[in-house]
Amino acid sequence: MGVLAGAEPFGHTGSAETGFLLCHGFTGTPASMRAWGDHLAEAGFTVRCPLLPGHGTRWPDLNRTTWQDWYGAVREALLELLSSCKTVFVGGLSMGGTLTLRLAEEFGDRIAGIVLVNPSVTRLKWDTKLLPVLGKIVPSVPAIANDIKKPGETELAYPRTPVRAAASLAKLWALVRADLPKVTQPVLLLHSAVDHVVEPENSRLVLAGVSSTDVTEVVLENSYHVATQDNDADVIFTRSVEFAKAHAGQAEETA
């Protein structure tokens, strides 16, 4: 089966001065990032948003992939942007935020700043520890997708949550949490006041764990988890452009 209509990766080639990599969430697709990417492109940035392996086709395909596959895809896209743009930022939603943090941990000041929207680094529910065992018995559980407050808006994502892939995501969370002190870049963290997928503890852990001295926290009062498609989407888009423009200037001054 091919890629679902609307789930395709996308990119915009703008200025060679500033690039912006966007990372979508677990079981989701670039569709959840497209409006954000369009807004960044209108601001003149070069934008890339890859489709993560195992996503955008059928949910069983995701169980055949691991976090290393997803990270490899965003890492490759980042390297391409770093080779073509003077200053590069990374942003992500949910697991896209997890991948963003991992890139920040690896690449250090080669990334000028990161934007996190409802990032995930843990799950407090009791069954999380059972994922490796559960994955051998049950291939999927009910979906986590489409947590959107805005009427009429729908996330293009899988109707089931693949368990083996979720177990791999939990391994990535542990690595990212352990290395949070390696994150030193400016951080813009936007999280929803009500999120039925990612618990508030996630943003608290990120804010407490990073070593960044330039950290801005924004609470999205009128959105649920998929905030890039929700009522506060314009807040995310506007603040990320302002953030990138401010810190691209700072990066040039220190270069």
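The values are calculated or read from the model by the stated rules, or taken from the named source; none is laboratory data. All values reported here derive from a predicted model rather than from experimental measurement. Note: ideal-geometry Cβ built from the backbone for every residue, glycine included; neighbour counts use all protein chains shown. These area figures cover heavy atoms from the full protein model, side chains too; ligands, DNA and RNA do not enter into them. Shrake-Rupley method; radii C 1.70, N 1.55, O 1.52, S 1.80 Å.
Rounded to the nearest 500, what is the chain's calculated 222 nm mean residue ellipticity when only DSSP H runs of at least 4 contribute -39500 (n - 2.57) each, over all residues?
That calculation yields -11500 deg cm²/dmol at 222 nm.
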So what is log10(I(q)/I(0)) for the range 43-111 at q = 0.12, 0.13 1/Å, when the Debye sum runs over its Cα atoms only?
-> -0.33, -0.39
Quick one: if you stick a label point 7 Å off each Cα along the C-beta vector at residue 216 and residue 12, how many nm between them?
-> 1.9
Can you list the residues, at least 5 places off or on another chain, whose amide H is less than 5 Å from the amide H of residue 192, using H built in the peptide plane?
-> 118, 220
Using a simple spin-label model with points 7 Å from Cα along the Cα→Cβ vector, what separation in nm is obtained for residue 199 and residue 184?
-> 3.2
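Counting alpha carbon pairs within less than 8 Å and at least 6 residues apart, what relative contact order, in whole percent, applies to the chain?
Details: 564 pairs, mean separation 52.6, N = 255.
Relative contact order of the chain: 21 percent.
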Apply the Kirkwood formula to the chain: the hydrodynamic radius equals the inverse of the mean of 1/r over all pairs of different alpha-carbon atoms; give it in Å with one decimal.
-> 17.9
What is the spin-label model distance, in nm, from residue 58 to residue 175 if the labels are put 7 Å beyond Cα along the C-beta direction?
-> 2.9
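Highest mean first, how do 75-88, 111-124, 181-194, 93-106 rank when packing is the count of other Cβ atoms within 10 Å averaged over residues?
Working: 75-88: 18.1, 111-124: 24.9, 181-194: 20.1, 93-106: 26.6.
Peptide ranking by packing, descending: 93-106, 111-124, 181-194, 75-88.
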Length gain on complete extension for the stretch residue 141 to residue 86, per 0.36 nm per residue less the alpha carbon to alpha carbon distance?
-> 15.5 nm
Over the range 1-134, with neighbouring protein chains present, the accessible area per residue in Å² at probe 1.4 Å is 37
